[in-house]
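*Asks:* Pasting in a structure now, in structure tokens, and then I'll have a few things to ask.
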Amino acid sequence: MKGVIDIDYLSLFLGYIILIIPFYILWYYKTGLVKDSFLAFVRMTIQLLLVGLYLEFIFDLNSALLNVSWVLVMTVLASYTVVKRSELKLKIFFLPVFIALLMSVIITDAFFLGFIIKLPNIFDARYFIPITGMLLGNSIKTIIISLNTYYNKLKKEKELYRWYLANGAKRNEALFPFKKEALKNAFNPVIASVAIVGLISLPGMMTGQILGGSSPVIAVKYQIMLMITVFSSSIISVFLSIYFADKYVFDSFDNLRQIKK
């Protein structure tokens, strides 16, 4: 079976032409996002090209220490991105989000790579790095949505929160409806995508495996487990992010501190 058809660099460059359409729409409606979008794609291109070269080196070397170090770097960058895009104070939220992401990755990687796939070496670069990257990438979106929903709603409805406390509720009890709303907002789209995956499109990982020559049946089995693992990792990371962050954002009188930039 033939391998993946390569994209030469000229074709890759020409591929950017299609961005004219979304950029024009953003410009026409005066969203102010054209410059940010352009810079985002420039950064993405440079980063991915450099990462591609670096990953070839990592895959060839396949050192457990180097692989773990790379995952830690990805986790740091993911944590920074979450806090920055949530417009929260870095000094308050970075550590809770980092710990939450790291714990969720450890739990789900150990389960998927060690228990399900039964890799002889759980830190094998060709599995450990892309799977962990996928887990982190999906967790970023859900954590941003949940943190924004949770703390914005809590700030907007602080009288309701105080009313719960005044009527004898403990802090966790008073925060329960706010956490419920945050989880619903973050995971309704995720649940919808899980429910229809494969019916309207093939997920990226599955498409890559098929293009790479894997059997569709094998690709499907991997995708099923990846969807389960990604969903579990995202919920764990969201729950732990809020859990650890709450230990820093409330004062001794259960008042919400100033958490926005």
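*Asks:* Filtering segment 45-80 down to residues that are touching a residue at least 60 places away in the same chain (Cβ under 8 Å) and within 30 Å of LYS155 (Cβ to Cβ), which residue is nearest to the chain's Cα centre (by Cα)?
*Replies:* For segment 45-80, the residue satisfying everything is ALA78.
*Asks:* Going by what's in this entry, would ALA64 be described as buried (at least 17 other Cβ atoms within 10 Å of the Cβ) and among the small types (Gly, Ala, Ser)?
*Replies:* no
*Asks:* Could you run through segment 237-261 and say how many residues are touching a helix residue (DSSP H, G or I) at 6+ places or on another chain (Cβ under 6 Å), surrounded by fewer than 20 Cβ atoms within 10 Å (Cβ to Cβ) and under 29 Å from GLY133 (Cβ atoms)?
*Replies:* The qualifying residues number 3.
*Asks:* Would you confirm whether or not segment 24-40 contains a residue that is under 21 Å from MET134 (Cβ atoms), surrounded by fewer than 14 Cβ atoms within 10 Å (Cβ to Cβ) and without any contact (Cβ under 8 Å) to a residue 12 or more places away in the chain?
*Replies:* Looking through segment 24-40, at least one residue is under 21 Å from MET134 (Cβ atoms), surrounded by fewer than 14 Cβ atoms within 10 Å (Cβ to Cβ) and without any contact (Cβ under 8 Å) to a residue 12 or more places away in the chain.
*Asks:* Among the residues that make up segment 182-203, is at least one of them modelled with pLDDT under 90, farther than 24 Å from ILE143 by Cα and surrounded by 12 or more Cβ atoms within 10 Å (Cβ to Cβ)?
*Replies:* Yes, the conditions are met somewhere in segment 182-203.
*Asks:* Next question. Which ones in segment 108-123 are touching a residue at least 24 places away in the same chain (Cβ under 8 Å) and buried (at least 17 other Cβ atoms within 10 Å of the Cβ)?
*Replies:* THR108, ASP109, PHE112, PHE123 - these are the residues of segment 108-123 that are touching a residue at least 24 places away in the same chain (Cβ under 8 Å) and buried (at least 17 other Cβ atoms within 10 Å of the Cβ).
The values are calculated or read from the model by the stated rules, or taken from the named source; none is laboratory data. Just so we're clear, the structure is a prediction, and the values are computed from it rather than from any experiment. Note: ideal-geometry Cβ built from the backbone for every residue, glycine included; neighbour counts use all protein chains shown.
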